[in-house]
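The structure appears below as structure tokens.
The values are calculated or read from the model by the stated rules, or taken from the named source; none is laboratory data. Keep in mind that what you see is a predicted model, and the values were worked out from it rather than measured. Cβ placement follows ideal geometry from the backbone for every residue including glycine, while neighbour counts extend to all protein chains displayed. Ligands, DNA and RNA are excluded from the accessible area calculation, which covers all protein heavy atoms including side chains. Shrake-Rupley method; radii C 1.70, N 1.55, O 1.52, S 1.80 Å.
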Amino acid sequence: MVMEHRSRRTGRLLVSAAFTTSLGNNVQLIAGTLLVIRTGHTMMSVGWLFIAVAVPQALLSPFFGRLADRVDRRTLWILSDAASAVTALALPLWLWTAHGRDTGPAVYGAGLALAVLSALFFPASAALIKESVPPERLRVFNARYEMAVQTGMLLSATVGGLAVQAFGAVPLLLFNAGTFALSATCVAAVGRSRPRAYEASRAPVEEVRVAGRDGTDAAPGATGAAPPPMVWLIVLFAQGSVVVTVFNALLPKFVLGDLHRGAGTLGAVDALGSLGFLLATAAYRFSGRRFGDLRTAVAGFLLCGGLFVLQPHFGVTGAALLVPMGAFAFGQARIASRNLLMAHVGTDEAGRAFGLANGGGLAATVVAMVLVSAVTDRTGIATGFAVTAALSVAATAAAACRLSRARVRTRVTAVREREVSRTT
């Protein structure tokens with residue numbers, strides 16, 4: 001009973017920390033986007049800001065992932081948040097003393113510094129979750145965790161848009177520093193000792209758990225079979241980062257630049273997206289069990305791609321309807337793909353796996369952002385959304401094919417093993 005209470009408390013603290021860190025990172029990015037778009041007005045000017053954030057994470061995440069498998073994960077998470085709070089505080093202090101000077105270098109510099117710290121946060125947080133959350137609670141926890149992270153990302157535009165419009169950038173950036181401090185406090189409250197889940201999950205995974213229709217995530221009788229290709233689990237999960245990051249760049253350009261609406265409208269649209277993601281978390285409890293994580297992830301990402309194509313054709317009304325629908329589909333897919341990856345990676349390798357996922361996803365984001373930005377500035381916002389959808393659908397389809405083949409091979413192996421056992 002005591003261990004169960006402690007496990008639940010740890011889960012609540014980690015989800016709270018993830019939400020506030022996600023909110024802080026993206027409030028900073030959205031505030032920077034609004035400052036840049038007022039001076040640059042092009043999709044490429046916004047794209048360069050996102051690229052400046054993505055490049056250091058792509059380069060450093062694999063290294064920090066290996067570090068998270070060797071150093072106390074809780075300590076790394078706290079250090080990441082504490083340093084982020086100091087960095088976030090430095091930008092408004094500089095803006096107070098700028099006196100009309102160009103704010104671009106400071107915005108890019110703060111984004112770059114926070115990106116380096118985020119590269120540490122992502123694998124350290126995933127590894128701490130793997131060692132702290134019991135395997136039987138992992139599915140429910142991942143749903144809540146992804147809800148918290150993605151809701152923080154989506155709400156960041158709401159908070160950023162409304163606050164910048166009402167109070168200006170400096171008060172918002174001060175609030176941002178406080179979110180990192182709060183996250184560090186939550187993780188510090190978790191405590192140092194490792195729960196039973198850590199020791200229980202140190203053994204290597206012996207069963208193939210590519211989700212089946214019954215939602216059990218295991219192929220019956222497949223003990224001893226080879227696990228599914230980890231690289232394709234990473235691809236399926238990581239391409240979601242590409243989608244959400246490019247979308248966060250396209251939406252301000254669409255609402256502020258093409259529709260000529262204010263930051264408040266941008267915030268309202270993203271608030272509806274947050275609602276869609278909250279509904280996705282509730283729906284995942286059914287879809288994940290009924291259809292399995294692989295089918296849920298693939299169907300969600302493909303549906304989200306289709307909605308992307310429609311997004312820019314119906315103005316503000318269309319955005320108000322399609323953004324929450326896309327968030328609903330994307331939310332279930334993101335939770336399912338995260339659960340697939342975390343279920344198959346060992347505790348001692350969780351940092352490396354999620355570091356590679358973060359680094360690979362952000363490297364792909366840089367390529368996608370340059371491509372989408374160039375296409376958008378040349379041909380219009382509709383083409384930018386369509387190109388993003390095409391990239392997501394291609395990555396999802398490739399991963400789905402390879403993982404489905406692995407599941408078929410597993411079932412064939414299981415049948416053969418049963419036949420052999422009957423004859424002996």
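Pick from 281, 347, 376, 296: which is open to solvent by less than 30 Å² (accessible area, probe 1.4 Å), touching a Lys or Arg at 6+ places or on another chain (Cβ under 6 Å) and not small (Gly, Ala, Ser)? Outline the logic, then answer.
On the way: 281 fails: touching a Lys or Arg at 6+ places or on another chain (Cβ under 6 Å); 376 fails: touching a Lys or Arg at 6+ places or on another chain (Cβ under 6 Å); 296 fails: touching a Lys or Arg at 6+ places or on another chain (Cβ under 6 Å).
Sole residue among the options that is open to solvent by less than 30 Å² (accessible area, probe 1.4 Å), touching a Lys or Arg at 6+ places or on another chain (Cβ under 6 Å) and not small (Gly, Ala, Ser): 347.
Restricting segment 68-84 to residues that are acidic (Asp, Glu) and crowded, with 16+ Cβ neighbours inside 10 Å, which is nearest to residue 20 (Cα to Cα)? Explain how you work it out, then say what you get.
Filtering segment 68-84 for residues acidic (Asp, Glu) gives 69, 72, 81.
If we keep only those that are crowded, with 16+ Cβ neighbours inside 10 Å too, we end up with 69, 81.
Numbers: 69: 24, 81: 10 Å.
Ranking the candidates gives 81 first.
How many residues are under 16 Å from residue 251 (Cα atoms) and either open to solvent by less than 70 Å² (accessible area, probe 1.4 Å) or modelled with pLDDT of 90 or more (or both) when one looks only at segment 311-329? It would help to see each step written out before you state the result.
Within segment 311-329, the first condition is being under 16 Å from residue 251 (Cα atoms), and the residues that meet it are 311-327.
Within this subset, residues satisfying the condition of being either open to solvent by less than 70 Å² (accessible area, probe 1.4 Å) or modelled with pLDDT of 90 or more (or both) are 311-312, 315-316, 318-320, 322-327.
Residues that pass the stated criteria total 13.
A quick yes/no check of all residues on (1) open to solvent by 20 Å² or more (accessible area, probe 1.4 Å); (2) modelled with pLDDT under 80; (3) more than 20 Å from residue 342 (Cβ to Cβ):
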position: 66; (1), (2), (3): yes, no, no
position: 92; (1), (2), (3): no, yes, yes
position: 95; (1), (2), (3): yes, yes, yes
position: 103; (1), (2), (3): yes, yes, yes
position: 113; (1), (2), (3): yes, no, yes
position: 122; (1), (2), (3): yes, no, no
position: 146; (1), (2), (3): no, yes, no
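Scan 303, 321, 371, 356 and give me the residue that is without any contact (Cβ under 8 Å) to a residue 40 or more places away in the chain and under 28 Å from residue 63 (Cβ atoms). Full working, then the answer.
Working: 303 fails: under 28 Å from residue 63 (Cβ atoms); 321 fails: under 28 Å from residue 63 (Cβ atoms); 356 fails: without any contact (Cβ under 8 Å) to a residue 40 or more places away in the chain.
From the options 303, 321, 371, 356, the qualifying one is 371.
For segment 258-278, what are the residues that are surrounded by fewer than 17 Cβ atoms within 10 Å (Cβ to Cβ), touching a residue at least 12 places away in the same chain (Cβ under 8 Å) and not hydrophobic (A, V, I, L, M, F, W, C)?
258, 262, 264
State whether the residues of segment 264-285 include one that is out of contact with any Phe, Trp or Tyr (no Cβ under 9 Å at 6 or more places or on another chain) and at pLDDT 85 or above.
Yes, there is a match, as at least one residue in segment 264-285 is out of contact with any Phe, Trp or Tyr (no Cβ under 9 Å at 6 or more places or on another chain) and at pLDDT 85 or above.
Give segment 124-144 a look and list any residue that's polar (S, T, N, Q) and at pLDDT 85 or above, or say none.
Taking segment 124-144 and keeping what is polar (S, T, N, Q), we get 125, 132, 142.
Matches in segment 124-144: 125 only.
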